[in-house]
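Taken together, the values in this text are just the output of simple stated rules run on the coordinates, not laboratory data. For clarity, every value in this text was computed on a predicted model and none was experimentally measured. Backbone-built Cβ (ideal geometry, glycine too); neighbour counts: all protein chains shown.
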Amino acid sequence: MGWCCLSIILPLFAFAQSPDTSQGNPFLWGVQAHRGFILPHSTAIANVSHSNPFGLEIRGMWLRAEDRHTRQSGLVTQRGFLVNYINFDNPEVLGHSASAVALIEPLIRPGGRLYGSVQMGAGVTFLSKVYDETTNPTNLFFSTLLSFTGMVNAKLYYRINPHCELSLGYNYNHISNGGMKLPNKGMNFPMANVGFQYHFRPITLKRPLKTDEWKQQSRNYAYVLGISSIKRHRLRPISPPTNTRF
């Protein structure tokens with residue numbers, strides 16, 4: 001079973017040389033190394049799940065720390081993209097992948113030297129090995145060279161200085177073609193990662209203040225209506241059945 005392809009809008013901002021966060025969204029780049037394992041979520045792919053994928057990623061992010069971005073949610077976020085290469089440690093059957101992913105990453109207590117984040121992303125991936133009835137019959141994970149990928153990553157950052165940071169994380173990855181072609185068992189593979197990121201200009205982050213402006217946003221108003229309608233539906237009393245004569 002595959003994930004639906006998520007649509008994430010990537011805002012692009014011009015790079016500003018001034019250290020004042022009110023004059024732009026500072027850009028940073030990072031690199032990470034990954035190592036993990038494949039979850040045998042189906043007996044059909046258990047025999048080819050005994051490998052340890054490894055890979056390398058490069059990412060670029062824009063820091064959204066201005067008041068106009070934080071006052072609605074109370075969160076400082078990073079938004080951007082990554083490209084990565086994953087070797088599935090089974091070249092004859094599983095091969096490797098190359099992916100491009102859009103990212104959003106809310107930061108947790110980013111004002112300190114040590115802080116955390118939850119990173120989410122979705123994108124597309126190119127696979128070098130897919131199912132073939134004759135030449136590759138045991139690869140039931142993938143059947144299309146171009147597929148979708150999604151990930152969730154929990155990370156810790158350690159700020160060495162105003163420009164440089166180290167990171168340690170653990171992410172959950174999924175690849176499938178969304179059911180466009182069978183077989184499509186999809187691959188789930190958790191991975192640990194270590195990395196380094198560099199801020200082109202030093203930033204001093206303060207704890208953002210959340211306001212009530214989000215209540216004026218139409219999309220959030222729609223979310224509130226949707227949630228309230230679900231609650232009303234769940235709490236609606238069930239009418240007793242009427243007497244029926246046979």
(request) Loop only per DSSP, at most 14 neighbouring Cβ atoms within 10 Å: give me the trypsin sites (Lys or Arg not before Pro) in the stretch 67-127, ordered by residue number. (result) Arg113
(request) Could you let me know the centre-to-centre spacing of the stretch 22-59 and the stretch 72-126, using Cα atoms, in angstrom? (result) 8
(request) Calculate the radius of gyration of the Cα atoms of the stretch 21-209 to one decimal place, then report Dmax, the largest Cα-Cα distance, as a whole number, both in Å. (result) 18.5, 60
(request) With a bin width of 10 angstrom, please list the P(r) values of the stretch 137-194 as percents of all Cα-Cα pairs, from the 0 bin to the one holding the largest distance. (result) 21, 34, 23, 15, 7, 0
